[in-house]
Amino acid sequence: MDYISLLNDKSVTTFFLLFIRWSSLLAFLPIFNSTTIPNIIKATFVVWFTFVTFPMVPIITFEVNLNNIFLAIINEATFGFFTGIAIQIVFMILSFAGQLISFVMGLTMANIVDPTSGQQTPVISQFFNITAITIFLAINGHYLMLLLVAKSLHSMPFGEFFEMRHMGEYLMIEMSKFFVLGFSIAFPIIAVSILSDIIFGMIMKSMPQFNLLVIGFPIKIGLSFAVIIAILGSMMFLFKSEVLKVINILSTFI
């Protein structure tokens, strides 16, 4: 390949827009946007993906000027944002369910620093997040996202805007499912907690010497953990199906 011939306005602009597409996607995609990954490693991945996929990208056809390049950059950044957020919502569903479960179990004060986001989260939420990341890697979700971007290189050339309105409507639907699915996942533990509170209340009425703090809370936490172990497989199956569904819908948009 004659590399000198690539040093023209359209080739350089194509390479730059490809770099923006990869960097914006990895900036919002789960796992890749983890704060524990050094920025130099992220930048290396972006540059490597850009060089590898550049031969497969068609050269831009629009006129190279400041206005067109600015609009193309906004489009590429928006594409990466919507794609990453659509996957991130599925992870946030489990985090929301973990916060509800921690509240009913009395573990809201047991917070730890989430290494992926750098924020303090309840222990149950962190456990769900780590399990979800394991499942995401086990189903090759990171490969599917990279293949999704590779598909977009042909189906959505640089300078063409994707269906942003339909993508926004889809994200609104996903946000409504965020609360429904999160509460549905946490409902068995919430139901067990409410039932145990009713039983302990009846016991305390008949046996005033019953110490709720010493006896009741450990039993309540033990029952909650037993329910979590029982439904963990179903939770991860729901997470897997939602991730694959989101990836399939994103592939139809592009």
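Derivation of every value follows stated rules applied to the coordinates shown; laboratory data play no part. Everything quoted here is computed from the prediction, not taken from an experiment. Glycine also receives a Cβ, built like all others from the backbone with ideal geometry; neighbour counts cover every protein chain displayed.
Calculate the dipole size of segment 3-253 relative to its Cα centre from +1 charges on Lys and Arg beta carbons and -1 charges on Asp and Glu beta carbons; express the result in debye to the nearest 20. Walk me through the numbers before you get to the answer.
Numbers: 10 positive and 10 negative charges, 97 e Å.
It works out to roughly 460 debye.
Using helices alone, what [θ] at 222 nm do you get for the chain, with -39,500 (n - 2.57) per DSSP H run of 4 or more residues, divided over all residues and rounded to the nearest 500?
Working: 7 runs with 186 residues, N = 254.
The helix contribution divided over the chain gives -26000 deg cm²/dmol.
Name the residue from Phe82, Val104, Leu171 whose Cα lies farthest towards the positive end of the charge dipole of segment 3-253, charges +1 on Cβ of Lys and Arg and -1 on Cβ of Asp and Glu.
Val104
Based on the alpha-carbon gyration tensor of the chain, what equivalent-ellipsoid semi-axes (square roots of 5 times the eigenvalues) come out, in whole Å, largest first?
On the way: eigenvalues 465, 57, 38 Å².
Ellipsoid half-lengths, sorted descending, are 48, 17, 14 Å.
What's the lysine pair count for segment 3-253 at a Cα cut-off below 25 Å, pairs eight or more apart or interchain?
Going through segment 3-253 pair by pair, I get 7.
Can you compute log10 of I(q)/I(0) for segment 179-254 with the Debye formula, treating each Cα as one identical point scatterer, at q = 0.20 Å⁻¹?
Listed by q, the Debye log ratios stand at -0.89.
So how far apart, in nm, are the two label points at Ala43 and Phe217 if each is 7 Å from Cα heading toward Cβ?
Between Ala43 and Phe217, the label points sit 4.9 nm apart.
What FRET efficiency, computed as 1/(1 + (r/R0)^6) with R0 = 35 Å and r the Cβ-Cβ distance, is obtained for Ser234 and Thr78, rounded to the nearest 0.05?
E between Ser234 and Thr78, to the nearest 0.05, is 0.50.
Once you have a ≥ b ≥ c as the square roots of the Cα gyration tensor eigenvalues for segment 1-84, tell me rounded if a/c is under 1.5, and otherwise prolate or oblate according to whether a/b is larger than b/c. Don't jump to the answer; show the numbers that get you there.
Numbers: a/c = 2.64, a/b = 1.48, b/c = 1.78.
The shape class here is oblate.
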